[in-house]
Amino acid sequence: MVRVNLLSLDGGGIRGLIPLHMLNILSKDVDVRSTFDAMAGTSTGGIIVTGLSLFEGTSSQNGKFTYSTADLIDLYEKNARQIFSRKGWGWLQSKYHPYGLEAVLKQYFGDATLGNCQIPLVIPTYDLKEFKPVFFKTRYVDDAGSEETERASRWHLWEILRAASAAPTYFPMFEKEGMELIDGGIHVNNPALSLLTEIVGNPQYYGIPMPDRTGKTPDATQSGPLQINLLSLGTGRATENNFAPGFGGALAYAKKAVDISMFGNLQLVDYNLKQLRTQNNPNILNFEFNYFRLSPEIKDPRFSELDSISSDAFTYYKDLVEEYFEDMSLADQQELQSFMAQVVG
């Protein structure tokens, strides 16, 4: 059997601590870096997967991964106040200026590019000037002769992540080379489906002998069906209606409209992927597809915002994840165990 393991992380600002704590728990049984063949992350999820993929050296024998999940938790907790530094007064300005965010990204990622990432990545942004999605992918670094290739090879990681983190109303857009880029969460806050289509659409790059409808692969040395396992980690689900703008007027509606656009996308992607998993048969898919999503409920509305940066919030996110795993129903525990057994083989 040919097995491909994929990891996808949602956007969600400081709530990126939630999937980081989930990865900490899952890492007790699974080495994330040696288990997943490709990763995708939107906004804060993009920062995390890029940090996990960043590599120092030229090979596994003479190099190492730069950051652990613990290092990335420190990135958020120790630098949150610098990242979310308030901008001056002005109703039409972004809530935060970008300088603190840019300084932190430069500190952690320096002059590195996608070529320094060991695990293939997919990071979405959106170009306001051309009104189109712009994806940064490590595949582009190796594909010659395209606009995407030149951009992916030339841009520093901190620039890609600055663009990917430019959530409307929170941070201003990132302008470079004639583009006006914002957070990809505006159209794909859950990048799981984008990651799946990237893999299925480019099997040669990822070394996948895509089988035909009969299960035969073009590579005789690789026998058996193709199995794709996709783990999707969210940044938490609010259980109360935190989107009602009240009497805040047009500006309040604008911010809430962005929130709804970014978080409403999560359910749609999750629904579509569950449909693929449910209808997992050779008449629809020419591979076996296993999908599992983890995203705890945020029951305290104080910590549902993207910029909840108090020490109480950090403690809440950690406790939330631990309770989420501890209180998981027996059926969900068994389903998760079954999924992870497929992942590790």
Only one of (1) surrounded by fewer than 24 Cβ atoms within 10 Å (Cβ to Cβ); (2) under 15 Å from the mean Cα position of the chain (by Cα) does not apply to GLY46, and that is (1)
Residue hits (the range 118-145; surrounded by fewer than 16 Cβ atoms within 10 Å (Cβ to Cβ) and touching a His at 6+ places or on another chain (Cβ under 8 Å)) are PRO133
Do you know which residues across the range 309-345 are open to solvent by 50 Å² or more (accessible area, probe 1.4 Å) and of a type in the set (Gly, Ala, Ser)? SER311, SER329, ALA331, SER338, ALA341, GLY345
Check LEU105 against each of (1) assigned to a helix (DSSP H, G or I); (2) in contact with an Asp or Glu (Cβ under 7 Å, 6 or more places away or on another chain) and name the one condition it does not meet. (2)
Yes or no: the range 87-105 includes at least one residue that is within 14 Å of ILE160 (Cα to Cα) and surrounded by fewer than 16 Cβ atoms within 10 Å (Cβ to Cβ). yes
In the range 16-31, anything touching a Leu at 6+ places or on another chain (Cβ under 9 Å) and open to solvent by 10 Å² or more (accessible area, probe 1.4 Å) is listed as HIS21, LEU26
Restricting attention to the range 149-203, which residues are within 18 Å of GLU102 (Cα to Cα), touching a residue at least 60 places away in the same chain (Cβ under 8 Å) and not hydrophobic (A, V, I, L, M, F, W, C)? ARG162, SER165, PRO168, THR169, TYR170, PRO172, ASP183, GLY184
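Residue-by-condition table, conditions (1) modelled with pLDDT of 95 or more; (2) farther than 25 Å from PHE36 by Cα; (3) not in a helix (DSSP H, G or I):
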{"site": "PRO245", "(1), (2), (3)": "no, yes, yes"}
{"site": "LYS256", "(1), (2), (3)": "no, yes, no"}
{"site": "MET262", "(1), (2), (3)": "no, yes, no"}
{"site": "LEU266", "(1), (2), (3)": "no, no, no"}
{"site": "GLN275", "(1), (2), (3)": "no, no, no"}
{"site": "ASN283", "(1), (2), (3)": "no, yes, yes"}
{"site": "ARG302", "(1), (2), (3)": "no, yes, no"}
{"site": "ASP319", "(1), (2), (3)": "yes, yes, no"}
{"site": "VAL343", "(1), (2), (3)": "no, no, no"}
Pair list, Cβ under 8 Å, 6 or more apart: the range 307-325 residue farther than 13 Å from LEU20 by Cα and of a type outside the set (Asp, Glu), other residue assigned to a loop (DSSP other than H, G, I, E, B) and open to solvent by less than 70 Å² (accessible area, probe 1.4 Å): ILE309/PHE84; TYR316/ASP300; TYR324/PRO296
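The values are calculated or read from the model by the stated rules, or taken from the named source; none is laboratory data. All values reported here derive from a predicted model rather than from experimental measurement. For neighbour counting, all protein chains shown are included, and Cβ atoms are generated from backbone atoms with ideal geometry for every residue, glycine included. Ligands, DNA and RNA are excluded from the accessible area calculation, which covers all protein heavy atoms including side chains. Shrake-Rupley method; radii C 1.70, N 1.55, O 1.52, S 1.80 Å.
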